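This report concerns only the one structure given below.
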Amino acid sequence: MFVRPVRRRSPRVLIFVVLFGLLPAGLPAATITVNSIVDTQSNDGQCTLHEAITAANTNTASGAAAGECGAGEAAPTVDLIAFNIPGPGVKVISPLAPMPQIGQVVTIDGYSQPGAHANTLAVGNDAVLLIEIDGTNVGGDLFAIVGGGGSTLRGLVINHLSFTAINIVSSNTNTIGGNFFGTDTTGASFLGTTAVPIRISGNANIIGGTSPAARNVIVGGSSSFAGTVFISGPSGGNLIQGNYIGVNAAGTAAMQPPAATDAIEVLNSPDNVIGGAAAGAGNVILGTQFGIRLGAGSAPGNIVQGNFIGTDATGSVGLGGGTAISTDNGASQITIGGASPGAGNVISGNSRGIALGDGAAIIIIKGNKIGTNAAGTGAVPNGGNGIEIGVQGAGSIIGGVSPGEGNTIAFNCGLGISVGNGFTLTNWKMLGNSIHDNGGLGIALNGGTPTTNDPGDTDVGANNLQNYPVITSAPIAAGVATISGTLNSTPDKAFRIEFFANDRCDPSGFGEGRQFIGSIPAALTDGSGNAAFNAVPFPVAGAGVVFTATATDPDGNTSEFSQCFGTPDDLFNNGFEPSCPGA
């Protein structure tokens, strides 16, 4: 074995390093080449992975008599552990114990094994991984990264573990990319356990990345063992991007263990980003219990954007997940989606969409598609409600008044949005959304039964059981609907009234809101609680249109949709509806 100092690199090599994320920073000072699958640390003339990590950690040649693994160099240089194990096919390393803790900056590159290469596909995975680590005999975490961080692990298949595959312990800026966890070498079969594949308690670590080469395939874990990817600790700021979590490498099928599984769990950790708006940043996520579970009020600022949660990698087929996104333990200041292109999540094909509970606060839900395909044009139903709200809404909003902020909430087998279901939960603003074709009401404040308006709106309940507007006329001429009506609610307040066009009414006679067509930002009630809107024009398409409206008070309490008014489109009134399993 030899040590090869790398002092200069050609432009081609530098381009490879940048594009494929081989090194986190700087150039490698020493290349330590593993040439054996055995798990020994002895003077046998071979360089094992165990010995190579020791050499990188200690900056001392391992197996001193034979010199089979050359010494690494001290930080801030980056040692490279490469592989050149003789013979064709996959090389299986079966450790008898955990690897030495990684305490100095190192890159472990499974793609350096001759014949291996990283994924090149935007959807799916054509990677060839030839270094497999079978953890059957490992009685602890396989890799533990400690210390200052900056290390990279890539191009490895890690399976059959009863403990964590990679445990990042109070270590920062490490990168885990282009690996398969819990699968065979093709990423098509589950070979894991209920152990947590990846556990993070550091800051600014990257799991995956935006390039196809950086994509990890990660399956395993359970709801009782903190999920498939577990993030904890007060530092936070980690990025989980571009991965297939809970699905196979092709992105076509669910592949979690039989036990109920949380795909990503965040506990007491702030400012983490799961996905992102940039091309390639979104993850494909499938959890049989929860896709993403966000907890702990001391950990604000987590962002969930651009992901496909519950669907395949095309966003067109539901894979049967549990609850897509759940909050508990007082999680706060959470952003789900966003207005910019690519920021919205596709949350479809699950048992439920978003479930907010257990003291969560200040939740922003914008620009998502909940119950539809990625284009928002077809049904990929969630089996229950699109959004379930079990917390107070002060500072929270679903949708918004600016372009791109509205969510599409459609084709869910239950309610579109359920608030409270019998509890007095208030201040939930729902603005500018497209809500249609759900199995129940579009917005429900009373457990699914339309709420009756009361004089002066003095009743209490979810969103104070805010009265809805009453539309009294809506003639259409030359593509413009002229809408008139009234609102009776609390006296001397300015209400935002939003109007929606639909092709039909719900069987209840109350509407949903397929197309947001405009608003009256401040309809002022008089001393008796009455306000009128007269001949307000809104552009519409077609003559067969029914209209609905909502009212939102100054405190952010949005009503249910009003009763329908207008003439339905007979074409869409004849049962041409997508099927809804379990509806």
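Here V157 clears all of (1) more than 21 Å from the chain's Cα centre (by Cα); (2) buried (at least 24 other Cβ atoms within 10 Å of the Cβ); (3) more than 16 Å from K91 (Cβ to Cβ) except the condition numbered (3).
For every residue, the table says whether it meets (1) modelled with pLDDT of 95 or more; (2) assigned by TED's automatic domain parsing to the domain that holds I334; (3) under 13 Å from the mean Cα position of the chain (by Cα).
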residue	(1), (2), (3)
G275	yes, yes, yes
A279	yes, yes, no
G301	no, yes, no
S316	yes, yes, no
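Checked against the criterion of being of a type in the set (A, V, I, L, M), in contact with a Leu (Cβ under 9 Å, 6 or more places away or on another chain) and modelled with pLDDT of 95 or more, segment 56-79 has no qualifying residue. Of all positions in segment 420-432, none carries a residue that is within 26 Å of G461 (Cβ to Cβ) and within 21 Å of the chain's Cα centre (by Cα).
Is it the case that segment 300-320 has a residue that's over 24 Å from T210 (Cα atoms) and among the aliphatic types (A, V, I, L, M)? No, the conditions are met nowhere in segment 300-320.
Only a single criterion out of (1) touching a strand residue (DSSP E or B) at 6+ places or on another chain (Cβ under 6 Å); (2) surrounded by fewer than 24 Cβ atoms within 10 Å (Cβ to Cβ); (3) within 22 Å of G399 (Cβ to Cβ) is not satisfied by N329, namely (3). I'd like to check something: does segment 71-93 contain any residue that is outside the structural domain of S235 (by TED's automatic domain parsing), crowded, with 20+ Cβ neighbours inside 10 Å and within 28 Å of the chain's Cα centre (by Cα)? Looking through segment 71-93, none of the residues is outside the structural domain of S235 (by TED's automatic domain parsing), crowded, with 20+ Cβ neighbours inside 10 Å and within 28 Å of the chain's Cα centre (by Cα). Restricting attention to segment 375-413, the residues that are in a loop (DSSP other than H, G, I, E, B) and acidic (D, E) add up to 1. Among the conditions (1) at pLDDT 95 or above; (2) within 17 Å of the chain's Cα centre (by Cα); (3) part of a loop (DSSP other than H, G, I, E, B), I240 misses just one, which is (3). Checked against the criterion of being in contact with a strand residue (DSSP E or B) (Cβ under 8 Å, 6 or more places away or on another chain), outside any strand (DSSP E or B) and farther than 24 Å from A260 by Cβ, the candidates T186, T210 yield just one match: T210. Each residue in segment 414-439 was checked for being surrounded by fewer than 24 Cβ atoms within 10 Å (Cβ to Cβ) and under 18 Å from R514 (Cβ atoms), and 5 pass. Does D459 fit the bill of being free of Cβ contacts under 8 Å to residues at least 60 places away in the same chain and either touching a Phe, Trp or Tyr at 6+ places or on another chain (Cβ under 6 Å) or surrounded by fewer than 16 Cβ atoms within 10 Å (Cβ to Cβ) (or both)? In short, yes. When segment 370-389 is limited to residues that are under 10 Å from I347 (Cβ atoms) and touching a residue at least 40 places away in the same chain (Cβ under 8 Å), the one that is surrounded by the fewest Cβ atoms within 10 Å (Cβ to Cβ) turns out to be V380. For segment 440-550, the strands (runs of 3 or more DSSP E) that sit wholly inside it and include 2 or more residues that are under 26 Å from S402 (Cβ atoms) are 480-488, 494-502, 515-524, 530-539. The number of residues in segment 462-492 being touching a residue at least 60 places away in the same chain (Cβ under 8 Å), surrounded by fewer than 18 Cβ atoms within 10 Å (Cβ to Cβ) and not polar (S, T, N, Q) comes to 3. With respect to being touching a residue at least 60 places away in the same chain (Cβ under 8 Å), on the phi > 0 side of the Ramachandran plot and out of contact with any Ser or Thr (no Cβ under 9 Å at 6 or more places or on another chain), G280 falls outside the description. Residues of segment 540-566 that are small (G, A, S) and surrounded by 21 or more Cβ atoms within 10 Å (Cβ to Cβ): A549, A551, S559, S562, G566.
For segment 113-150, give me each residue that is more than 20 Å from F190 (Cβ to Cβ) and touching a residue at least 60 places away in the same chain (Cβ under 8 Å). Hits for segment 113-150 are A118, T120, L121, A122, V123, G148, G150. Determine whether T327 is outside the structural domain of A254 (by TED's automatic domain parsing), in contact (Cβ under 8 Å) with a residue 40 or more places away in the chain and either under 25 Å from N446 (Cα atoms) or in a strand (DSSP E or B) (or both). No, not satisfied. Looking across A494, A462, one residue alone is in the same structural domain as P537 (by TED's automatic domain parsing), more than 33 Å from the chain's Cα centre (by Cα), small (G, A, S) and within 24 Å of S396 (Cβ to Cβ). It is A494. Determine whether F411 is within 30 Å of P341 (Cα to Cα) and of a type in the set (F, W, Y). Judged against the criteria, F411 is a match. Inside segment 410-445, residues that are out of contact with any strand residue (DSSP E or B) (no Cβ under 9 Å at 6 or more places or on another chain) and either over 14 Å from T558 (Cβ atoms) or of a type in the set (A, V, I, L, M, F, W, C) (or both) make up a count of 5.
Candidates in segment 189-207 are the residues that are assigned to a loop (DSSP other than H, G, I, E, B) and of a type in the set (V, I, T); of these, the one that is surrounded by the most Cβ atoms within 10 Å (Cβ to Cβ) is V196.
The values are calculated or read from the model by the stated rules, or taken from the named source; none is laboratory data. Just so we're clear, the structure is a prediction, and the values are computed from it rather than from any experiment. Here Cβ is always computed from backbone atoms with ideal geometry, including for glycine, and neighbour counts include all displayed protein chains.
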